[in-house]
Amino acid sequence: MNSPVVSSAQMRDAENAAFARGISAEHLMNQAGSGIAETVQRFFPRPGYCLIFSGKGNNGGDALVAAAHLKRAGWHTDVHLSFPESECSELLRKKVTEFRDTPPVATAMPALKSDGKPAPTVILDGLLGLGSKPPLRDPILATCREINRLRLQHNAFVFAVDQPTGLDGDSGKADHDCVVADFTVTIAAAKRGLVAEDANNFVGRLEVVSLSDLPLEPADETVASAAALRGLLPRRQFEAHKNQFGRVGIVAGSRGFAGAATMCAWGALRGGAGLVEVFVPENIYDIVGATAAFESMVKPVTSYRDLLEEKIDVWGIGPGLGKENVSEIIDLVQRTENAMVVDADALNIISTEVSILKNCRGPRLLTPHPGEMKRLAGAHKISRNELAKKFTAEFPITLLLKGSRTVVAENGKQISYNTTGNPGMATGGMGDVLTGVCAALIAQKLSPFDAARVGAWVCGRAAEIAIFNGGESEQSLLPRDVLTNLGRAFREL
């Protein structure tokens, strides 16, 4: 089920409807708190220190329920109430009592783990939630400043409950001292302000905790989550064979950019393609042939027009291709009847003749980064989602617009925002891997739209696993680390 992007008013209406059906606020709070704790433990599977900053309403109650779960799991937990307990809501006071009555584990948290790594410090921002708007005032203002100080000076990881305190959940506008969250665990559905472009640096990684008792109406925009994407790739039948999962053709690489072809091919292989063929210029054939995965077939190309005769199910074209052979590349993009993922230099080439996108002979998934999108569509002073809608209304293609909150769009479908990934992915080669993965998913009978959503999600999730479970950092992360962890990401779907 897709997770809609909703306004605060829509969220309030859904809550009131649930209350009218006899669902209690405490029941929803217990579900939310459990989901928050599960999210913390997904990124930090080993217990550490958790500081909980609570306001006086239900947002703080969600954080207290999560804190009790973490306390039972072995975390050292410390609750800070921003108001006297007597001023807090009745339900919050109950959750404070339940937290205090939760017995801690017998063993205190050591400063270092057995492997010498420091125990993680996590902060739960449960100060203000749904409906709150800037400006901030004391004592909440002072607490926000303290949270941000701990994040900067002590490398604490901040989990905002529902929305970062100081952020307008509808517009995305932020107070000067808005909490800077590394993760925002939003309850039931993403709020509009959380996917606003100006909010990205405050929201961080977005996770939706679904509430089974709080159904929401479909919306024009959605966020891609594991729950929403699960089922798009069904388990394979025992008698499956390679021809059922498609033959992917990679058209990539040029002198000085041989690695792009190799990474793209690896993406297709790790993405599940049955067969992968790599077509490269003759002048780099020996290099790519020596470095490519053994599981791929590398073939030299004298003319890209000759590829029109190849028996390929899905094409991935563009990474490291260079800017030569313009007419041949345009001809190939326009005339190929099977689906094609178009990236990098292939996008730059067709930006000189973008009108060809109106009459391509087969489905096209375009995967531009912001610079490539500007060359395709021109400069526009509109939001990324509006630009995606405008472009896909004009051209019959699927668009995957890369960024910290990747947007997937297709005319007649809901805009989809990706939720996974981290700043470590801001390095060369990540897009090459994504092109291969998306091509492989289309070869496995996913639509270009669903392939784009799943491809962006699994690549981002693989990067997260490499950092939070595999020992990499935002500085050290490489495309090969994403490739290595794609299997673990796919298993979550």
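The values are calculated or read from the model by the stated rules, or taken from the named source; none is laboratory data. Given the structure is predicted, the values throughout are model-derived calculations rather than measurements. Please note: Cβ atoms are built from the backbone with ideal geometry, for glycine as well, and neighbour counts cover all protein chains shown. Accessible surface is based on the protein model in full, side chains and every heavy atom, while ligands, DNA and RNA are left aside. Shrake-Rupley method; radii C 1.70, N 1.55, O 1.52, S 1.80 Å.
Details
- Close contacts from segment 295-311, counting a first residue that is among the acidic types (D, E) and a second that is surrounded by 14 or more Cβ atoms within 10 Å (Cβ to Cβ), with Cβ to Cβ under 6 Å and a gap of 6+ residues or different chains, come to E295/L269.
- F449 being open to solvent by 20 Å² or more (accessible area, probe 1.4 Å), modelled with pLDDT of 95 or more, not in a loop (DSSP other than H, G, I, E, B) and not charged (D, E, K, R): no
- Within segment 341-372, the residues that satisfy the criterion of being within 19 Å of C459 (Cα to Cα) and either open to solvent by less than 30 Å² (accessible area, probe 1.4 Å) or of a type in the set (A, V, I, L, M, F, W, C) (or both) are V341, V342, D343, A344, L365, L366, T367, P368.
- For the residues F391, F449, F395, the requirement of being among the aromatic types (F, W, Y), free of Cβ contacts under 8 Å to residues at least 24 places away in the same chain, under 26 Å from V354 (Cα atoms) and out of contact with any Pro (no Cβ under 9 Å at 6 or more places or on another chain) singles out F391.
- Among the numbered conditions (1) on the phi < 0 side of the Ramachandran plot; (2) crowded, with 21+ Cβ neighbours inside 10 Å, the only one that G166 does not meet is (1).
- Per-region count, segment 116-147, residues part of a helix (DSSP H, G or I) and either open to solvent by 30 Å² or more (accessible area, probe 1.4 Å) or more than 23 Å from P47 (Cα to Cα) (or both): 7
- Any pair with Cβ under 9 angstrom, 6 or more apart, that starts in segment 108-134 at a residue that is at pLDDT below 60 and ends at one that is of a type in the set (A, V, I, L, M): M109/A119; P110/A119; A111/A119; L112/A119; K113/A119
- Residue within segment 320-340 that is modelled with pLDDT under 95 and among the charged types (D, E, K, R) present: yes
- When segment 386-405 is filtered for residues that are in a loop (DSSP other than H, G, I, E, B), open to solvent by 50 Å² or more (accessible area, probe 1.4 Å) and closer than 20 Å to C360 by Cβ, only P396 remains.
- Pairing each residue of segment 67-84 that is closer than 15 Å to L127 by Cβ with any residue that is of a type in the set (V, I, T), provided the two are 6+ apart or on different chains, yields C-beta distances under 7 Å for A67/I52; A67/T77; A67/V79; V79/I52; H80/I52; S82/I140; S82/T143.
- Checked against (1) open to solvent by 10 Å² or more (accessible area, probe 1.4 Å); (2) in contact with a Leu (Cβ under 6 Å, 6 or more places away or on another chain), G60 passes all but condition (1).
- In segment 225-247, the residues that are under 24 Å from Y417 (Cβ atoms) form Cβ pairs under 9 Å with partners that are at pLDDT 90 or above and open to solvent by 50 Å² or more (accessible area, probe 1.4 Å), at six or more places apart or across chains, as follows: S225/S210; A226/E492; A227/S210; R230/E492.
- Strands (runs of 3 or more DSSP E) wholly inside segment 1-101 containing at least 1 residues that are more than 30 Å from Q414 (Cβ to Cβ) and modelled with pLDDT of 95 or more: 49-54, 76-81
- Filtering segment 190-211 to residues that are small (G, A, S) and within 19 Å of R12 (Cβ to Cβ) leaves A190, G193, S210.
- Any hit, segment 269-277, residues being open to solvent by 10 Å² or more (accessible area, probe 1.4 Å), in contact with a Leu (Cβ under 8 Å, 6 or more places away or on another chain), touching a residue at least 24 places away in the same chain (Cβ under 8 Å) and under 24 Å from M430 (Cβ atoms): yes
- Within segment 23-51, considering residues that are over 25 Å from the mean Cα position of the chain (by Cα) and closer than 21 Å to A188 by Cα, the one surrounded by the most Cβ atoms within 10 Å (Cβ to Cβ): M29
- Some residue of segment 406-428 being open to solvent by 30 Å² or more (accessible area, probe 1.4 Å), aliphatic (A, V, I, L, M) and either assigned to a strand (DSSP E or B) or touching a helix residue (DSSP H, G or I) at 6+ places or on another chain (Cβ under 7 Å) (or both): yes
- Candidates L483, L478, filtered to the one that is more than 15 Å from the chain's Cα centre (by Cα), of a type outside the set (D, E) and surrounded by 23 or more Cβ atoms within 10 Å (Cβ to Cβ): L483
- Condition check for G431: open to solvent by 10 Å² or more (accessible area, probe 1.4 Å) and either part of a loop (DSSP other than H, G, I, E, B) or of a type in the set (S, T, N, Q) (or both): no
- Yes/no for Q244 being open to solvent by 40 Å² or more (accessible area, probe 1.4 Å), at pLDDT below 95 and part of a helix (DSSP H, G or I): yes
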